[in-house]
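These notes are about the structure you will find just below.
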Amino acid sequence: MDPDRTNPARWFDAGHDLLGVLHGHIERLAQENERLRAELGRLDELGARLGRVNQDNDRLRQERDELLAAFRRMADVIAQLRQSRGEGREG
């Protein structure tokens, strides 16, 4: 019979080594998990900020559209005024 198979001390040593390797992997995975959680929190913050920026952008577009409509109305009124005074005709 193989002496390595009958020697319990070698089995215990091999098991201890394996547990050490697994513990190292678990520690690295735990650190990576914490890093990923921090990144996820950062992504959540960026998503919230993006939502606020989009709301501001929508509000600014609405204000721009209102200003453009007001300027168009003013231009129409000025054009009508010029026309009524005869300034728009070539002579």
> What would the Debye formula give as log10 I(q)/I(0) at q = 0.12, 0.13, 0.20, 0.23 Å⁻¹ for the alpha-carbon point model of the chain, no solvent?
Replying inline: -0.74, -0.78, -0.99, -1.07
>> Using only DSSP helix segments of four residues or longer, with each worth -39500 (n - 2.57), what per-residue ellipticity at 222 nm results for the chain after dividing by its residue count and rounding to 500?
In response: -33500 deg cm²/dmol
> Which Cα, out of L60, H16, N33, lies furthest along the positive dipole direction of region 7-85 (beta carbon charges, K/R +1, D/E -1)?
Replying inline: L60
>> Between helix 8-85 and the chain, what is the angle of the helix's C-alpha long axis to the longest principal axis, kept within 0 to 90° and rounded to the nearest 10?
In response: 0
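We did not get these values from a lab; they are worked out from the coordinates using the rules stated. Quantities reported herein were computed from a predicted structural model and do not represent experimental measurements. As a convention, Cβ positions derive from the backbone with ideal geometry for all residues, glycine included, and neighbour counts pool all protein chains shown.
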